[in-house]
Amino acid sequence: MLSSLFADEPDPGIGDALGLAAAVDDGLVHGFARVDEDRVAALAALAAGFGGSPLREAVAEAVDKIAAGSIADDHLFALAAARIALFGAVHDALLARADAALGRERAEWQGEPGLAAWSGSVSAEPHRARLGVAAATHLLAGARSWLRELAITGWRGVDDDLVSASGQAIEAALAEPELRRLAVLLDGLAAELRAGSPIATMDHLPVRRWADLWSRALLLARDGGRTQRAEQAEPVTGRLFVLGADVHEHPTAVQVQVHGVLETSGGATRLVRASVSAAKVDTIVGPAIWRLLAGHQMLLTALAERRVLDLTDMPLLPGGDLIWRDDRARPGEAADPFTTARVHLGTALAPAAPPMERHPARIAEPVFVEDLTGVPLDTRRLPACGPLTPQLLAGATACIGLLRWDDGAWTVQPIGVETTVKKKQVGVHTIDWALGPADPKLAKAAGEAVEVLRERAGRLLRK
């Protein structure tokens, strides 16, 4: 089934959509304060592409004003919204193709609408409950101000002073739980810009990645971006069969995203995700990152020991994401991920993609592959916090992976393999070291890195 997906020719419409989005990306490279005739023409083509959409007037006005040298928050937001909508359309086309190849049924979206519902006005409403309107408006305005300066200046013009100007907005946002997603995103973008400094002399810029981060951050800094929120969740009770986990690691943060099959009353099964995160510093790498997640002991135990998780009233968002509450889970009976994949992956209902989460980079569909011949395995994403290595992949006979679309091609990111080790057929997974590596030397090194930093932090606090 998957072989046809890898062999298919790319949809020409995908290239057309990405070509329109490149007008925003190129503007961010050179700065919207300096748009020449070619860039104005590219932006005009972008506006024409939205001629029949609800964003038509906003994008057209933004292009006219930027061409005339007038740049306001609304204009930049319109460009970011247009870019997000284009990548969302690409995501939908790719996911439909993947579902057809896998024979996978997907739920319809039942939550809030996306960009089509944008009213064009800034609102602090999503953060009203805890922060209050004045505080939320002030913090969001600080984040937008920095993002606006980035857009006006362009990546090539970014210097240390402009990167450092983000510090106050990031620090204030980090202190507020409702703004934590925005804060981590801004912090990550600032860290990447700082690491690339002086950007003017960089040979290659991660143009699309930085544009993704900028547009997403601008959306969040406006009104919360209509992302999934806790009040939209429904409590679910049932059994979570773990397939494996993907590890997203950045110098300043780490997130472990667990993929699994949720079985509720009546035997219905659906694909879900559960994510846990922690702030970190760049010296904590490899197996040591699991120590940062020690507050989720029920989850880590089930991962390392390959057990079912019995859930009670665990919040589940419309997009298939569990809001993880460790006190609502208990490790149950043993359950091999490969057995789960063989039994459940073919029939489990896939979740709908939330409007604001639609992007090709976010496609990560769990798949089970027994014949790896001709399957392009992505070894670049193998995390250093687990035992899975390219060498083990070379001898693998079966794989649980995440189907991804990257740079115009489909790949499978392995999160577990069946392979031969010392003449025995074994399963090796990215989650195997969730409670620490089996090798005592690796386990000791992993613990020392975190404990040393905690001790130093304790000394600073005592002073």
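Measuring between their Cα centroids, region 353-369 and region 59-99 lie 20 Å from each other. Summarising the strand pairing of the chain, around 90 percent of its internal DSSP beta bridges are antiparallel. Given R0 = 35 Å, the distance between the Cβ atoms of S145 and A352 translates into a calculated FRET efficiency of 0.50.
Stretching the chain fully between L18 and D38 yields a gain of 5.5 nm (0.36 nm per residue, less the alpha carbon separation).
Overall shape: prolate for the chain, with the ratio a/c of the largest to smallest alpha carbon gyration tensor axis at 1.5 or above and a/b above b/c. Toward the positive end of the charge dipole of region 228-463, with +1 on the Cβ of Lys and Arg and -1 on the Cβ of Asp and Glu, the farthest Cα among A274, A384, L243 is that of A384.
Evaluated with a Cβ-only charge set (Lys, Arg +1; Asp, Glu -1), region 241-336 carries a dipole of roughly 80 debye about its Cα centre, given to the nearest 20. Near the amide H of W410, within less than 5 Å, lie no amide hydrogens of residues on another chain or at least 5 residues away, with H placed in the peptide plane.
Can you tell me the orientation of helix 37-49 relative to the chain, as the angle in degrees between its alpha-carbon axis and the longest Cα principal axis, to the nearest 10? Approximately 70 degrees, to the nearest ten.
Against the main long axis of the alpha-carbon atoms of the chain, helix 133-153 sits at an angle near 80°. Of all lysines in the structure, the ones whose alpha carbon falls short of 21 Å from that of K280, not counting any fewer than 8 places away in one chain, are K444.
When Rg and the Kirkwood Rh are both derived from Cα coordinates, the Rg/Rh ratio for region 228-463 amounts to 0.97. Pairwise Cα distances in region 2-223 exceed 34 Å in 18 percent of cases. Per the Debye formula on identical point scatterers at the alpha carbon atoms of region 338-378, with no solvent, log10 I(q)/I(0) at q = 0.29 Å⁻¹ is -1.05. Here region 327-348 and region 230-253 have alpha carbon centers that stand 14 Å from each other.
Based on the Cβ-Cβ distance from A361 to E231, what FRET efficiency comes out when R0 is 41 Å, to the nearest 0.05? For R0 = 41 Å, the calculated efficiency reads 0.90. Placing dummy labels 7 Å off each Cα toward the beta-carbon, the span from T389 to D313 is 4.7 nm. Modelled spin-label separation between S265 and A45, with each label point placed 7 Å from Cα along the Cα-to-Cβ direction: 5.7 nm. Put simply, the amide H of A335, placed in the peptide plane, has neighbours under 5 Å in R307, V308, leaving out anything fewer than 5 places away on its chain.
No value in this document is a laboratory result; all are computed from the given coordinates. On a predicted model such as this, the values are computed, not experimentally measured, just so you know. Using ideal geometry, Cβ is built from the backbone for each residue, glycine included, and neighbour counts are taken over all protein chains shown.
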